[in-house]
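Participant: Attaching a single structure in C-alpha cells format; questions to follow.
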Amino acid sequence: MPRLREVPRAEVTDERILFFYDRLFGRDKDPAVDHGTIHATPGDWWTVFAQSPAVFRHAVKGFAVYRNATLDPVLRELGQCRAGYARGSQFVFSQHSKQMRSLGVAEEKIAAVPHWQVSAAYSELERAVLAYTDGLVYDGGRVPDEVFAVLKANLSDPEILELTYITTMYDMHATICRALRLEFDDRPELIEEFRVPEGVEVRDLSADLSGE
C-alpha cells in the first residue's frame, strides 16, 4: 500500500485530475479502489498525487515538455531509464524500459542499461548520455568535462538542457515513488538485520575477527 491515502473518484473536484482518471482508468472505475491503468500499472501515482491538485497539475504539466522538445526521444528515454535504475526505482526503470522498446530500441541496449559501462551496444553519444545521467543522479551534478565534451560535440545547447531537465525530473519522480511506495516501488525495505537462530550464542564479532 502507498504511504499516503489514495483519493477516490467521488472526492475529486479538480477537472484535470478527473480527466486523467477517465483517460488512464476508464470512466466507470474508481482508481483508488479498482486499481490498474490502461498501461498495466497499479495507478496509485495518480491517486496519491491527487491529494494536492496544485502538485498534480504541476507534475502533469512537466510531462508536456516532451511535445516541443528537440532531443532525440531515444536519448531522452535512455537517460530516464538509467535514472530510474540509478535511483533504485523499479517503477521508473520499468516504465522507461518499455518506452524504449516502443521506440524500437534494440533489446540488447535495453538489457544493458544496468551495466552500460561494460557494454559495446551503445554509440559514443549514448555512452555519454548514460555517463551524464550517472553524474546527475549518483554524483549530484558533478560531471567530468570529458563527458560533457562528447555531449557538446553531438547535441545543441537546447538539447543538452532538455536532457538535463528531463533526466533530473525523473530522478525526482523516482525518489518520490520510493519514498511514498508508489506503483512498483511499493516494496518492503530489503536491508534489515539477519537474526541468528534461536539458541545460538552471539559472540563479540570484532574480538573474534581480530584474534583477541
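The values are calculated or read from the model by the stated rules, or taken from the named source; none is laboratory data. Keep in mind that this is a model prediction, so the values were computed, not measured. Ideal geometry is used to build each Cβ from the backbone, glycine not excepted, and the neighbour counts take in all protein chains shown. Areas reflect the complete protein model, heavy atoms only, side chains present, ligands, DNA and RNA absent. Shrake-Rupley method; radii C 1.70, N 1.55, O 1.52, S 1.80 Å.
Participant: Quick one: with all protein chains in place, what share of the accessible area of segment 15-77 is carbon or sulfur, to the nearest percent (1.4 Å probe)?
Facilitator: Carbon and sulfur together cover 54 percent of it.
Participant: Okay, moving on. Order of 172-182, 115-125 by packing, highest average Cβ count within 10 Å first?
Facilitator: 172-182, 115-125
Participant: Quick one: which of 91-101, 30-40 comes out on top by average Cβ neighbours within 10 Å, and what's the full order, highest first?
Facilitator: 91-101, 30-40
Participant: Is the chain best put as rounded, prolate or oblate by its Cα gyration tensor, with a ≥ b ≥ c the root eigenvalues, rounded for a/c under 1.5, and otherwise prolate when a/b is larger than b/c, oblate when not?
Facilitator: In terms of gyration-tensor shape, oblate.
Participant: Still on this structure, I have one more. If a/c stays under 1.5 just call it rounded; otherwise compare a/b with b/c (prolate if a/b is bigger, oblate if not). Do that for segment 54-178, with a ≥ b ≥ c from the square roots of the Cα gyration tensor eigenvalues.
Facilitator: It comes out rounded by the Cα gyration axes.
Participant: Leaving out ligands, DNA and RNA, what percent of the accessible area of segment 117-172 is carbon and sulfur, probe 1.4 Å?
Facilitator: 55
Participant: Leaving out ligands and nucleic acids, note down the accessible area per residue over segment 86-212 with a 1.4 angstrom probe, in whole Å².
Facilitator: Value returned for segment 86-212: 62 Å² of accessible area per residue.
Participant: Can you work out the FRET efficiency for the pair residue 101 and residue 10, with r the C-beta to C-beta distance and R0 = 41 Å, to the nearest 0.05?
Facilitator: 0.65
Participant: Give the distance, in whole Å, between the Cα centre of segment 39-67 and the Cα centre of segment 174-189.
Facilitator: Comparing the Cα centres of segment 39-67 and segment 174-189, I get a distance of 15 Å.
Participant: Springs between alpha-carbon atoms under 10 Å, Gaussian network over the chain: tell me which of 136, 190, 18 tops the mean-square fluctuations.
Facilitator: Comparing 136, 190, 18 in a Gaussian network model of the chain, the most mobile one is 190.
Participant: Now for a separate question. Is any residue of segment 157-195 close enough, with backbone N under 14 Å, to a label point placed 7 angstrom from the Cα of residue 205 along the Cα-Cβ axis, and if so, which?
Facilitator: Taking a point 7 Å out along Cα→Cβ of residue 205, the residues of segment 157-195 whose backbone N falls under 14 Å are 192-195.
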